[in-house]
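Contents: one structure, followed by commentary.
The values are calculated or read from the model by the stated rules, or taken from the named source; none is laboratory data. Since we're looking at a predicted model, the values are computed, not measured. For neighbour counting, all protein chains shown are included, and Cβ atoms are generated from backbone atoms with ideal geometry for every residue, glycine included.
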Amino acid sequence: MRALKSVLFPIHPEGYRFIGIFAFLTLLLFFVSDFLGWVGVILTLWCAWFFRDPARVTPQRKGLVISPADGVVNMITEAVPPPELG
């Protein structure tokens, strides 16, 4: 099991339920049609990719702006907050 975990990317614990549902539905789709079954395989792999939980290393230098979730910072500007925030 440890060897398998070292090869595969880590999955967030909340994702196992969804991946299991996708895999079960994929199995059912293979009984209906091979084509639909392969579509299910692709969707199951997408679900596993969506719930991946890689170890991230955050740079620790001064003056950096860190974007969450592997995003990209497009603009840094001053903005007026919405009235709800006071």
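Inspect all residues belonging to the stretch 24-41 and state whether any of them is outside any loop (DSSP other than H, G, I, E, B), of a type in the set (Gly, Ala, Ser) and free of Cβ contacts under 8 Å to residues at least 40 places away in the same chain.
Yes, because at least one residue in the stretch 24-41 is outside any loop (DSSP other than H, G, I, E, B), of a type in the set (Gly, Ala, Ser) and free of Cβ contacts under 8 Å to residues at least 40 places away in the same chain.
Restricting attention to the stretch 50-81, and to residues there that are assigned to a loop (DSSP other than H, G, I, E, B) and of a type in the set (D, E, K, R), which single residue is nearest to the chain's Cα centre (by Cα)?
Filtering the stretch 50-81 down to residues assigned to a loop (DSSP other than H, G, I, E, B) leaves 51, 53-67, 71-81.
Those left that are additionally of a type in the set (D, E, K, R): 53, 56, 61-62, 78.
Details: ASP53: 7, ARG56: 13, ARG61: 27, LYS62: 29, GLU78: 31 Å.
Only one residue fits best here, namely ASP53.
Look at LEU28 and say whether it is surrounded by 10 or more Cβ atoms within 10 Å (Cβ to Cβ), modelled with pLDDT of 90 or more, over 19 Å from the mean Cα position of the chain (by Cα) and not aromatic (Phe, Trp, Tyr).
yes
Do we find that PHE22 is over 23 Å from PHE9 (Cβ atoms) and at pLDDT 95 or above in this structure?
So PHE22 does not fit the description; no.
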